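First up is the structure itself, then whatever we jot down about it.
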Amino acid sequence: MSDQQNVKQPISQDHDAPTPAPELRRLDFLVGTWNIEGETSPEFAGPAMKSTSTETFEWLHGGFFLVHRWDAVFGDPAADPGAELPGGAVQKGIMFYGFDARLGSTARTSSTAMAPSTTEACTRERLWTAT
């Protein structure tokens, strides 16, 4: 192979860099840190319990994905340390929101410390569908 073939060529100025789907901008209102307090419904995990969480949303560099991280506590860790998770039922997780051009909708993928499996969902006409 000659030296001429090994020389890397700069990207042409004519080449258009990909840009994020404009539909993702609908998620801008989520950006920031949110402190949430509430109560679970009895169907969630038995009797209703207090829940608190800190949730952070930020755009990944380039703007193609919105990253959602959370740190949540269910129940009262001081009153009920929990047999499986000392310190209360704690859930940490991360979710990525992107745009799926095939479906024409916003899609998300998430994983939590309590359930390492991945879940996916998408929006169409303001309705979340999870699989």
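At a glance:
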read-out: Every pair of residues 6+ apart whose Cβ atoms lie under 7 Å, when the first sits in the range 89-118 and is within 28 Å of K50 (Cβ to Cβ) and modelled with pLDDT of 75 or more while the second is surrounded by fewer than 18 Cβ atoms within 10 Å (Cβ to Cβ) and charged (D, E, K, R); value: K92/D71; I94/R69
read-out: Any hit, the range 43-50, residues being at pLDDT below 85, part of a strand (DSSP E or B) and within 20 Å of Q91 (Cα to Cα); value: yes
read-out: Residue in the range 65-79 that is closer than 24 Å to T19 by Cα, modelled with pLDDT under 85, in a loop (DSSP other than H, G, I, E, B) and touching a Lys or Arg at 6+ places or on another chain (Cβ under 8 Å) present; value: no
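Condition check ((1) in contact with an Asp or Glu (Cβ under 9 Å, 6 or more places away or on another chain); (2) farther than 27 Å from S105 by Cα; (3) in contact (Cβ under 8 Å) with a residue 40 or more places away in the chain) across all residues:
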| residue | (1), (2), (3) |
| --- | --- |
| P22 | no, no, no |
| P42 | no, yes, no |
| S51 | yes, yes, no |
| E58 | no, no, no |
| V67 | yes, no, no |
| F74 | no, yes, no |
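The values are calculated or read from the model by the stated rules, or taken from the named source; none is laboratory data. Fair warning: this is a prediction, and the values are worked out from it, not measured in the lab. For neighbour counting, all protein chains shown are included, and Cβ atoms are generated from backbone atoms with ideal geometry for every residue, glycine included.
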